[in-house]
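Colleague: Starting off with a structure, shown below.
The values are calculated or read from the model by the stated rules, or taken from the named source; none is laboratory data. Predicted model, so just to flag it, every value in this text is computed and none were measured. Positions of Cβ are backbone-derived with ideal geometry, glycine not excepted, and every protein chain shown enters the neighbour counts.
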């Protein structure tokens with residue numbers, strides 16, 4: 001499958017994810033879920049629906065060769081540590097110059113919903129879309145650097161409703177690191193592991209503080 005088709009599927013996937021999440025959010029509120037749970041559940045429903053859309057494309061494209069077990073755990077943990085360093089130092093630097101109040105939705109949401117979505121669904125779906133379809137859909141046309149920048153911008157924009165604007169820079173930088181090592185290692189499994197650990201760290205930090 002050619003790059004422009006992968007890119008088109010990636011963009012459609014983002015649109016489907018956003019629209020499905022919006023519909024699921026409204027339905028969850030009508031069914032009596034509290035607001036924080038509605039947001040988490042809607043996000044999970046949107047990403048799960050998108051997963052069913054993109055899996056056949058992933059399987060029938062060269063992207064299926066990017067699922068490698070070799071060195072995946074070691075690389076995933078190393079990448080998580082690097083991204084964590086960027087998140088912590090970037091967050092501290094931004095908060096030094098800009099007053100930012102950030103309380104993530106999952107802090108008040110059901111731990112069960114948060115774990116299911118943030119640790120099981122989101123890392124897989126987001127890596128498949130942003131470091132799979134969009135990154136690889138762009139790189140043959142724009143080159144690796146522009147593809148990494150663009151996919152990271154898409155990734156940051158996806159989080160704009162849940163993250164204060166200044167902190168989106170940190171998400172962009174982490175997205176760029178994930179994109180860089182995706183191109184370097186050509187291994188989606190490592191990135192899914194790193195993404196899962198990043199989300200786990202965030203959950204534990206805000207639950208325990």
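Colleague: Looking only at residues that are in contact with a helix residue (DSSP H, G or I) (Cβ under 9 Å, 6 or more places away or on another chain), surrounded by fewer than 18 Cβ atoms within 10 Å (Cβ to Cβ) and part of a helix (DSSP H, G or I) in the stretch 155-167, which one is modelled with the lowest pLDDT?
Modeller: This residue is 166.
Per-residue answers, yes or no, for (1) more than 23 Å from residue 136 (Cα to Cα); (2) in a helix (DSSP H, G or I); (3) more than 18 Å from the chain's Cα centre (by Cα):
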site: 17; (1), (2), (3): no, yes, no
site: 24; (1), (2), (3): yes, yes, yes
site: 36; (1), (2), (3): yes, yes, yes
site: 39; (1), (2), (3): yes, yes, no
site: 47; (1), (2), (3): no, yes, no
site: 53; (1), (2), (3): no, yes, no
site: 63; (1), (2), (3): no, yes, no
site: 74; (1), (2), (3): yes, yes, yes
site: 81; (1), (2), (3): yes, yes, no
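Colleague: Something else: Anything in the stretch 168-188 that is surrounded by fewer than 21 Cβ atoms within 10 Å (Cβ to Cβ) and not in a helix (DSSP H, G or I)? List them, or say none.
Modeller: The answer is 186, and nothing else.
Colleague: Taking the criterion of being modelled with pLDDT of 95 or more, in contact with a helix residue (DSSP H, G or I) (Cβ under 7 Å, 6 or more places away or on another chain), in a helix (DSSP H, G or I) and surrounded by 15 or more Cβ atoms within 10 Å (Cβ to Cβ), would at least one residue in the stretch 104-114 satisfy it?
Modeller: yes
Colleague: State the number of residues belonging to the stretch 86-102 that are surrounded by fewer than 11 Cβ atoms within 10 Å (Cβ to Cβ) and not in a loop (DSSP other than H, G, I, E, B).
Modeller: From the stretch 86-102, those surrounded by fewer than 11 Cβ atoms within 10 Å (Cβ to Cβ) are 92, 96-97, 99, 101; that's our starting set.
Those still in the list that are not in a loop (DSSP other than H, G, I, E, B) too: 92, 96-97.
Counting residues in the stretch 86-102 that are surrounded by fewer than 11 Cβ atoms within 10 Å (Cβ to Cβ) and not in a loop (DSSP other than H, G, I, E, B) gives 3.
Colleague: Could you tell me whether any residue of the stretch 32-40 is without any contact (Cβ under 8 Å) to a residue 60 or more places away in the chain and buried (at least 16 other Cβ atoms within 10 Å of the Cβ)?
Modeller: Within the stretch 32-40, one or more residues are without any contact (Cβ under 8 Å) to a residue 60 or more places away in the chain and buried (at least 16 other Cβ atoms within 10 Å of the Cβ).
Colleague: Which residue out of 49, 72, 78, 13 is surrounded by 20 or more Cβ atoms within 10 Å (Cβ to Cβ) and modelled with pLDDT of 95 or more? Please lay out each step first, then the result.
Modeller: On the way: 49 fails: surrounded by 20 or more Cβ atoms within 10 Å (Cβ to Cβ); 72 fails: surrounded by 20 or more Cβ atoms within 10 Å (Cβ to Cβ); 78 fails: surrounded by 20 or more Cβ atoms within 10 Å (Cβ to Cβ).
Within the list 49, 72, 78, 13, the selection yields 13.
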